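What follows is a single structure, written as structure tokens, with notes after it.
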Amino acid sequence: MVQVGGTDLRKEVVDAVIKGRADASYKFKQAVSISTTTAWDNTFYRESSAALAGQTGNATKGIPRGANFPQAVVEWSKHTKTIEKYGLEDNIMWEDILTDNINVQARTLFKIADGVAKAVDDEIWNILTENIPATSLEIQRVNLQVTARAGRYWDVASAAIIDDLMHAKQLIGQFNYPTNNLMCFISERDHRSIVKYLADSGAQFPSIGEDMATNGKVGKLAGIQLVVSNSVSHSYALIVVPKICAT
């Protein structure tokens, strides 16, 4: 028996809206080109980015009258990659879909897609950085490392953030890649360091200091688009030429 004032008589309202969650967004696929395939193994060729030049003692410049042109050799490298399959699944009972307090079907579908997208982002980061540190330079010779100088790390007052970004831009440009649309992937920690650096330097950062926008883009610095991602390892940043760096 329940009497007046008993807890079992007290009204309960169940809110079907999930609280305490944040819709994650993932960022790396915007940096790569997308190519469909019908094969499990895919072979492709990479071309050297170096400008062609004549052989030693037979320069491109100053060819004598009537002489043959110097020979230049184009170089390609052959690569084969195997498709990787990504996925997650869960089982939801029909009774739960019909009668649970929350929309378990919609939330499960969202979290499954969320998990797969995160795994893809992590893999793109690992491939482009060669799992850090990049030593084999499998991707391209331009995949070079710029190491912050002692005492000039991004989270100290003497940070050389602009110079580090421009150094990476210089290396990419020296290999004849376009540098007018570079993209730099950073962590939340380094985004904080960049904003603090600009504020302490008295610089203006109307877009870099704002909340994260579409696909993690948080503004430009030194002409390079900054993108914040939780797939980026702490104390590392990755600068790429979008749509060219990887497929």
Practice problem: Please compute P(r) over all alpha-carbon pairs of the range 44-118, binned at 10 Å starting from zero, and give each bin as a whole-number percent. | Solution: 14, 20, 14, 11, 10, 11, 10, 7, 3
Quiz item: Which of the pairs Lys111/Lys196; Lys29/Lys81; Lys27/Lys243; Lys27/Lys78; Lys81/Lys118; Lys217/Lys243 have their Cα atoms more than 23 Å apart in this structure?
Solution: Lys111/Lys196; Lys27/Lys78
Quiz item: Which ³J(HN,Hα) values, rounded to whole Hz and listed in residue order, are derived for the range 168-174 from phi using the Karplus coefficients 6.51, -1.76 and 1.60 in 6.51 cos²θ - 1.76 cosθ + 1.60 with θ = phi - 60°, glycine and proline given as x?
Solution: 5, 4, 4, 4, 5, x, 5
Quiz item: What ranking do Phe69, Phe175, Phe185 get, fewest neighbouring Cβ atoms within 10 angstrom at the top?
Solution: Phe69, Phe175, Phe185
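We did not get these values from a lab; they are worked out from the coordinates using the rules stated. Keep in mind it's a predicted model, so treat the numbers as computed, not measured. So basically every Cβ, Gly included, is an ideal-geometry build from the backbone, and we count neighbours across all protein chains shown.
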